[in-house]
């Protein structure tokens, strides 16, 4: 399996390098966190907002920008196209599940983005030298683990919507609705601490927070030990639930796909 993944990664990285301009454009279009940073930075000029100073908003949204770049997923567009045009038939002949081919393409994107964001991160630190994170070996380990889990949830959730293309023609519309809720309750529009208590109580149990802002909150040192344990447990639950839904949809979808003679 490792050799197969390495082969898929080499091919995917080569594909990414062929479209360098498009790759850069995709990075530049994911600037929503920076737009929200400008909004909240301006609003907090008169003083802290629910405990967030201007420096806190800078620290939050700069790291959120980094996280968002590394969890971007577009698999629904590829899967929807492959199902509708029969390209999935070829991928079903591969010696491994087609999902691994999509994963390899997505991971190659992350490897290149990470390499490009290192100098950008150093530049951001020079521009905002007052930003601060709770950097310890434990928080770094938790951040990396939760970042990987956030990407996995984003990928599997979108893959599930893509699999719905076996049955319906509006799978991408459903994903757009999911995406809008993710932006709101994931902490992109505003840190969840700024929402009413009732919204926070609901968002704490939904997957959206753990698909974006939770790793950032860990690095900001704004969570207690109990809250971190709760977040890890909820993340594990949602990862398991999404994987179960994927397996169920995939098995039924393949029967539907073959029923059309594709």
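What list do you get for 89, 165 if you sort them by fewest beta carbons within 10 Å?
Numbers: 89 14, 165 21.
Ascending Cβ contact count within 10 Å gives the list 89, 165.
Taking region 45-147 as the region of interest, what is the percent of Cα-Cα pairs per 10 angstrom bin, listed from the shortest bin to the one with the maximum distance?
Pair shares across the bins are 12, 31, 26, 17, 11, 3, 0.
Neighbouring Cβ atoms within 10 Å as the yardstick, rank 116, 36 fewest first. Show your work: numbers first, answer last.
On the way: 116 14, 36 21.
Ordered by Cβ neighbours within 10 Å, fewest first: 116, 36.
Treat the chain as a sphere of radius equal to its Kirkwood radius over Cα pairs and apply Stokes-Einstein at 20 °C in a medium of 1.002 mPa s; give the translational diffusion coefficient in µm²/s, rounded to a whole number. Spell out each step's value before the answer.
Numbers: Rh = 19.8 Å.
The calculation lands on 108 µm²/s.
Please state the Cα pair-distance histogram of region 135-207 with 10 angstrom bins from zero: what percent is in each bin?
Spelled out per bin, shortest first, that is 17, 36, 34, 12, 2.
Give me P(r) over region 177-262, computed from all C-alpha to C-alpha distances, binned every 10 Å, as integer percentages.
16, 39, 23, 13, 8, 1
Computed from the mean reciprocal separation of all distinct C-alpha pairs, what Kirkwood hydrodynamic radius does region 90-181 have, in Å? Don't skip to the answer; put the middle values down first.
Numbers: mean 1/r = 0.0606 Å⁻¹.
After inverting the mean inverse Cα-Cα distance, the result is 16.5 Å.
Residue separation times 0.36 nm, minus the C-alpha to C-alpha distance between residue 173 and residue 229: what's the value? Present the calculation step by step, with values, prior to reporting the outcome.
Values: separation 56, 0.36 × 56 = 20.16 nm, distance 3.43 nm.
Contour length minus the Cα-Cα distance gives 16.7 nm.
Mind checking the angle between helix 99-127 and the chain's longest principal axis? C-alpha axes, 0 to 90 degrees, to the nearest 10.
On a 0 to 90 degree scale, this one is about 20.
No value in this document is a laboratory result; all are computed from the given coordinates. Remember, it's a predicted structure, so these values are computed and weren't measured experimentally. Glycine also receives a Cβ, built like all others from the backbone with ideal geometry; neighbour counts cover every protein chain displayed.
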